[in-house]
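To start, the structure under review is shown below, and the notes come after it.
The values are calculated or read from the model by the stated rules, or taken from the named source; none is laboratory data. As the structure is a prediction and not an experimental result, all values here were calculated from the model. When we count neighbours, we look across all protein chains shown, and the Cβ atoms used for this are built from the backbone with ideal geometry, even at glycine. Just the protein is used for accessible areas: all its heavy atoms, side chains included, with ligands, DNA and RNA removed. Shrake-Rupley method; radii C 1.70, N 1.55, O 1.52, S 1.80 Å.
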Amino acid sequence: MTPSNDPDSTRERILAAATAEFARHGIAGARIERIAKAARTSKERLYAYFRSKEELYATVAAQELTAVAEATRLDATDLPGYAGRLHDYFTAHPERHRLMNWGRLELADETTASDGDPIRATVRHKTEQLRAAQDAGHLEAAWEPIDILVFVNQLATAWAGQSDLLPPDADEREAFLAARRTAIVAAVQRLFPAAA
């Protein structure tokens with residue numbers, strides 16, 4: 001990867017443009033020409049940083065996973081709180097939820113679904129945290145950590161892709177999502193109570 005010395009970083013502009021493009025069109029529908037134009041650079045310059053559209057997507061996805069992890073902080077002893085933070089993040093940024101789902105849909109059978117895949121690495125790290133919480137007696141050991149993670153994630157992000165069901169009025173939408181958050185946290189609390 002070629003380093004950038006310019007102050008507004010061509011690479012960062014490419015990543016920002018690619019994030020918007022992938023969220024809007026998916027991987028197959030994304031166009032390198034549109035990304036380059038939005039980043040105010042050339043296709044050739046883009047390819048100096050990223051060898052392929054798939055490599056560019058993998059970089060964008062890894063960046064997003066880092067942002068999600070920082071914003072939501074998995075605490076294996078307080079899964080209801082974690083679920084609430086995930087809900088807040090993805091209902092505030094539904095385009096980022098779409099961005100991650102495109103990868104799951106379009107790359108499920110690709111070679112990127114390997115040990116080097118950032119999504120698999122994140123899942124592995126989080127399941128290790130959950131297993132450690134089980135070993136310490138903070139979570140019921142009967143559950144497989146991967147099941148815990150998937151159940152909590154699915155509940156927490158249930159409303160991120162449901163914009164068609166949200167009230168059109170901003171105030172009503174805010175109250176509606178607050179009520180959904182309360183329901184999600186309560187459901188996760190019943191399944192995986194926070195440690196005392």
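Go through the range 143-180 and give me each residue that's open to solvent by less than 70 Å² (accessible area, probe 1.4 Å) and of a type in the set (Ser, Thr, Tyr).
Passing the criteria: only THR157.
Please find, among TYR57, TYR82, TYR49, the residue that is hydroxyl-bearing (Ser, Thr, Tyr) and in contact with a Lys or Arg (Cβ under 6 Å, 6 or more places away or on another chain).
Sole residue among the options that is hydroxyl-bearing (Ser, Thr, Tyr) and in contact with a Lys or Arg (Cβ under 6 Å, 6 or more places away or on another chain): TYR49.
Scan the range 22-32 residue by residue and report those that are open to solvent by less than 10 Å² (accessible area, probe 1.4 Å) and part of a helix (DSSP H, G or I).
PHE22, ALA23, GLY26, ILE27
Can you pull out every residue in the range 181-196 that is more than 9 Å from LEU79 (Cβ to Cβ) and open to solvent by less than 60 Å² (accessible area, probe 1.4 Å)?
Those that are more than 9 Å from LEU79 (Cβ to Cβ) and open to solvent by less than 60 Å² (accessible area, probe 1.4 Å): ALA183, ILE184, VAL185, ALA186, ALA187, ALA195.
Of the residues that sit in the range 81-107 and are open to solvent by 60 Å² or more (accessible area, probe 1.4 Å) and aliphatic (A, V, I, L, M), which one is modelled with the highest pLDDT?
ALA92
Take the residues in the range 70-80 that are open to solvent by 20 Å² or more (accessible area, probe 1.4 Å) and in contact with a helix residue (DSSP H, G or I) (Cβ under 9 Å, 6 or more places away or on another chain), then tell me which one is nearest to GLN189 (Cα to Cα).
THR77
Tell me which of these TYR49 doesn't satisfy, since it passes every other one: (1) within 27 Å of GLN189 (Cα to Cα); (2) of a type in the set (Ser, Thr, Tyr); (3) in contact (Cβ under 8 Å) with a residue 24 or more places away in the chain.
In the conditions (1) within 27 Å of GLN189 (Cα to Cα); (2) of a type in the set (Ser, Thr, Tyr); (3) in contact (Cβ under 8 Å) with a residue 24 or more places away in the chain, TYR49 misses (1) alone.
Could you grab me the full set of residues in the range 152-196 that are aliphatic (A, V, I, L, M), outside any helix (DSSP H, G or I) and either in contact with a Ser or Thr (Cβ under 6 Å, 6 or more places away or on another chain) or more than 29 Å from ARG24 (Cβ to Cβ) (or both)?
ALA160, ALA194, ALA195, ALA196
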